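Following: one structure in structure tokens, then a few remarks.
The values are calculated or read from the model by the stated rules, or taken from the named source; none is laboratory data. Just so it is clear, the structure is predicted and the values come from calculations on it, not from any experiment. Here the Cβ positions follow ideal geometry from the backbone for every residue, glycine too, while neighbour counts run over all protein chains shown. Note: accessible area is taken over every heavy atom of the protein model, side chains too, but ligands, DNA and RNA are not part of it. Shrake-Rupley method; radii C 1.70, N 1.55, O 1.52, S 1.80 Å.
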Amino acid sequence: MNAHTGTVSGKERYRSGVMEYKRMGYWEPDYVPKDTDVIALFRVTPQDGVDPIEASAAVAGESSTATWTVVWTDRLTAAEKYRAKCYRVDEVPGAPGQYFAYIAYDLDLFESGSIANLSASIIGNVFGFKPLKALRLEDMRLPVAYVKTFQGPATGIVVERERLDKFGRPLLGATVKPKLGLSGRNYGRVVYEALKGGLDFTKDDENINSQPFMHWRERFLYCMEAVNRAQAASGEMKGTYLNVTAATMEDMYERAEFAKELGSVVVMIDLVIGYTAIQSMAKWARRNDVILHLHRAGHSTYTRQKSHGVSFRVIAKWMRLAGVDHIHAGTVVGKLEGDPNTTRGYYDICRDDFNPMKLEHGVFFDQSWASLNKLMPVASGGIHAGQMHQLLDLLGEDVVLQFGGGTIGHPMGIQAGAIANRVALEAMILARNEGRDYVHEGPEILAKAAESCTPLKAALETWKDVTFNYQSTDTPDFVPTALAAV
Amino acid sequence: MRLTQGCFSFLPDLTDDQIYKQVQYCLANGWAVNIEFTDDPHPRSTYWEMWGLPMFDLADAAGVMMELAECRRVYGDRYIRLSGFDASHGWESVRISFIVNRPPQEVEFELLRQEVAGRSVRYTTVRRPPQHVSP
């Protein structure tokens, strides 16, 4: 399939009219990507009858220099350098009619340190291109030369842990519920109870901004009273993600400044504010010693379906470059979409300094992060204390586990819910470090810890049968080949 | 109040056998183990006093336990914590930290509020003097 189709050159190449993309220099199967190239992997679904090579070359063309017809003004440029080059097209295993197209882009095509520019090229016009039924950006290889032009996470996992003086265990959080309708005063009550009970963080939900029932300043003031009370009552650092998402940058800066003045260690933004606003807030966060939490609100509209859109692994990479400190990356066992292997791929992208290619996790390229700070993944949505062994096994230690309902819905109250989660977590870490087979002995370890902790006992009883076992839609296309035993 | 800093403060105080196993876990990971003590465990009090240097190149947790016993003998009326330090690239910081000794009477904090402009409050967490000082 990866045969040459004959790139036209010289005078012929620039004769006015329409020419196939694959003959214009956008299909170069012999091209070897440079270490400094940006590489994008697309899942291309051509319209019926459209040659997959031509479709893939068109993606390269439309995401770089091409337009629908030959233009002589190409000759005023080093056009061959600026053309993105599709260099490999593979059939997607088990998905007839879909193809993986590997496309290399010269570094000069991109502005330093700008996700807006990167994404405007790679996912700009091309996703609406008529000869394609569907198109999905699956993964990207970002060259070190480009990675180094980004700030990266404002704080990073290590410094976040140092600032909060919390090591050796996942951090615990909860989203205040109900997410809409509480007054500032009542909202702060939930924050206080959860933090005093033993959580490290509470969190605004994505759509808590400034509504008739609670103006943002009321929320900030009451939340900080709660945080400080809980801190004094436990002798331990506490935080609450104050969502500063607003209509304009000016509003967001105003809210963030107020949060900082009140002494908040963390503020929060939603993905829907856009890449440029996210990068601005990341710079603000670094300048002001504030941790920046990102809620991935809206991502499922384009990440969930496999045929069209952008994979979340690409969004995770962009967000690590953009410079947020926390990102929601799935729970596997909770209520929201999340295949275990695919989710593992996201977590690796957030936390490792080097990601080796791992097709079974959906990771298509070796990716070096060149010592860019690590991004703390957040697991949130439908998780509870009874799953602690699974969560620790699947998500590891550097993660924020957010038990919203699993704290606030506790039959004995919010503090009891928080205690249950913290005791379950510490018991599991202790057992893991002691070398116990905590994944299999998990329920037993929890039951033992519950003997001296009534809140944990009640939590285990309340949620013992709650699971969310549904088929994932976004799963890897490759399964590991079982090796014969030797 | 029970100071809840560290990895295991919500569990019953660890026995020496449990501490030994956690130290062994640190050593197995190649982390240096550090013993620190303080009578100032404010949430922002980063630098507790070091009981000697961090113990690098140790094979057996018994060495740490001996030092801990000695530290407890001298500073048993203070907070003592153990931490595991990971010097590997990209981390170069603490990996685990937990309290292994508490004073007979635990610290109490109180919150001072300074009312400033508008409805804002400046908060300061300060140590409350011990209520009953033993003779």
B:Q105 meets each of (1) within 13 Å of chain A (Cβ to nearest Cβ); (2) under 24 Å from A:E426 (Cβ atoms); (3) without any contact (Cβ under 8 Å) to a residue 40 or more places away in the chain; (4) assigned to a loop (DSSP other than H, G, I, E, B) with one exception, condition (1)
Some residue of segment B:105-112 being farther than 24 Å from B:P12 by Cβ and not acidic (D, E)
yes
Tally up the residues in segment B:1-20 that are among the charged types (D, E, K, R) and free of Cβ contacts under 8 Å to residues at least 12 places away in the same chain, please.
1
Checking the structure you have, find out if any residue of segment A:261-280 is charged (D, E, K, R), open to solvent by 10 Å² or more (accessible area, probe 1.4 Å), part of a helix (DSSP H, G or I) and away from every other protein chain (no Cβ under 14 Å).
no
Meets criteria (of a type in the set (S, T, Y), in contact (Cβ under 8 Å) with a residue 24 or more places away in the chain and either within 25 Å of A:A233 (Cα to Cα) or not in a strand (DSSP E or B) (or both)) for B:S45:
no
Quick check, is B:D77 within 14 Å of chain A (Cβ to nearest Cβ), under 22 Å from B:S9 (Cα atoms) and not hydroxyl-bearing (S, T, Y)?
no
Matching option when the condition is closer than 25 Å to A:E193 by Cβ and within 14 Å of chain B (Cβ to nearest Cβ), among A:N243, A:N228:
A:N228
Within segment B:123-131, identify whether any single residue is facing chain A (nearest Cβ under 9 Å), more than 24 Å from A:L430 (Cα to Cα), open to solvent by less than 30 Å² (accessible area, probe 1.4 Å) and in a strand (DSSP E or B), and answer yes or no.
yes
Would you mind stating whether A:L336 is in contact with a strand residue (DSSP E or B) (Cβ under 7 Å, 6 or more places away or on another chain), among the aliphatic types (A, V, I, L, M) and either at pLDDT below 95 or part of a helix (DSSP H, G or I) (or both)?
no
Only one of (1) under 17 Å from A:P476 (Cβ atoms); (2) in contact (Cβ under 8 Å) with a residue 12 or more places away in the chain; (3) open to solvent by 40 Å² or more (accessible area, probe 1.4 Å) does not apply to A:K283, and that is (1)
Just give me the residues in segment B:9-34 being open to solvent by 10 Å² or more (accessible area, probe 1.4 Å), within 7 Å of another protein chain (Cβ to nearest Cβ) and in contact with a Gly (Cβ under 9 Å, 6 or more places away or on another chain), in sequence order.
B:F10, B:K21, B:Y25
Of all residues in segment A:300-333, how many are closer than 15 Å to A:S380 by Cα and touching a Phe, Trp or Tyr at 6+ places or on another chain (Cβ under 6 Å)?
1
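Taking segment A:287-298 only, how many residues are surrounded by 19 or more Cβ atoms within 10 Å (Cβ to Cβ) and assigned to a loop (DSSP other than H, G, I, E, B)?
2
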B:G84 vs. criteria within 12 Å of chain A (Cβ to nearest Cβ) and in contact with a Cys (Cβ under 8 Å, 6 or more places away or on another chain):
yes
Out of (1) part of a loop (DSSP other than H, G, I, E, B); (2) more than 9 Å from chain A (Cβ to nearest Cβ); (3) free of Cβ contacts under 8 Å to residues at least 24 places away in the same chain; (4) over 27 Å from A:V227 (Cβ atoms), the one B:W91 does not meet is (2)
Segment B:94-120 - residue that is among the aliphatic types (A, V, I, L, M) and at pLDDT 95 or above and, of those, surrounded by the fewest Cβ atoms within 10 Å (Cβ to Cβ):
B:L112
Would you mind stating whether B:M50 is modelled with pLDDT under 95 and either within 11 Å of another protein chain (Cβ to nearest Cβ) or open to solvent by 20 Å² or more (accessible area, probe 1.4 Å) (or both)?
no
Counting only residues that are under 17 Å from A:G97 (Cβ atoms), open to solvent by less than 10 Å² (accessible area, probe 1.4 Å) and in a loop (DSSP other than H, G, I, E, B), segment A:1-53 contains a total of 0
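Of the residues A:G323, A:G404, A:G413, which single one is buried (at least 20 other Cβ atoms within 10 Å of the Cβ) and on the phi > 0 side of the Ramachandran plot?
A:G323
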Are any residues in segment A:338-393 open to solvent by less than 20 Å² (accessible area, probe 1.4 Å), farther than 28 Å from A:R43 by Cβ and under 15 Å from the mean Cα position of the chain (by Cα), and if so, which ones?
A:M376
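Residue-wise test of (1) surrounded by fewer than 15 Cβ atoms within 10 Å (Cβ to Cβ); (2) on the phi < 0 side of the Ramachandran plot.
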site	(1), (2)
A:E91	yes, yes
A:A101	no, yes
A:L107	no, yes
A:G113	no, no
A:N117	no, yes
A:I122	no, yes
A:N125	yes, yes
A:G128	yes, yes
A:L135	no, yes
Note on A:Y302: of the conditions (1) out of contact with any strand residue (DSSP E or B) (no Cβ under 8 Å at 6 or more places or on another chain); (2) open to solvent by 20 Å² or more (accessible area, probe 1.4 Å); (3) assigned to a helix (DSSP H, G or I), unmet is (1)
Can you confirm whether A:T331 is of a type in the set (V, I, T) and over 24 Å from A:T149 (Cβ atoms)?
yes
Single condition B:P41 does not satisfy, out of (1) more than 12 Å from chain A (Cβ to nearest Cβ); (2) within 11 Å of the chain's Cα centre (by Cα)
(1)
For segment A:210-223, what are the residues that are more than 7 Å from chain B (Cβ to nearest Cβ), farther than 17 Å from A:G404 by Cβ and either outside any loop (DSSP other than H, G, I, E, B) or hydrophobic (A, V, I, L, M, F, W, C) (or both)?
A:Q211, A:F213, A:M214, A:W216, A:R217, A:E218, A:F220, A:Y222
What are the residues in segment A:123-138 that are β-branched (V, I, T) and either more than 21 Å from A:V92 (Cα to Cα) or under 18 Å from the mean Cα position of the chain (by Cα) (or both), if any?
A:I123
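Results for (1) within 14 Å of chain B (Cβ to nearest Cβ); (2) under 26 Å from A:V423 (Cβ atoms), shown as yes or no for each residue.
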| site | (1), (2) |
| --- | --- |
| A:L164 | yes, yes |
| A:F167 | yes, yes |
| A:L171 | yes, yes |
| A:L182 | no, no |
| A:V190 | no, yes |
| A:E193 | no, yes |
| A:A232 | yes, yes |
| A:K238 | yes, yes |
| A:M252 | no, no |
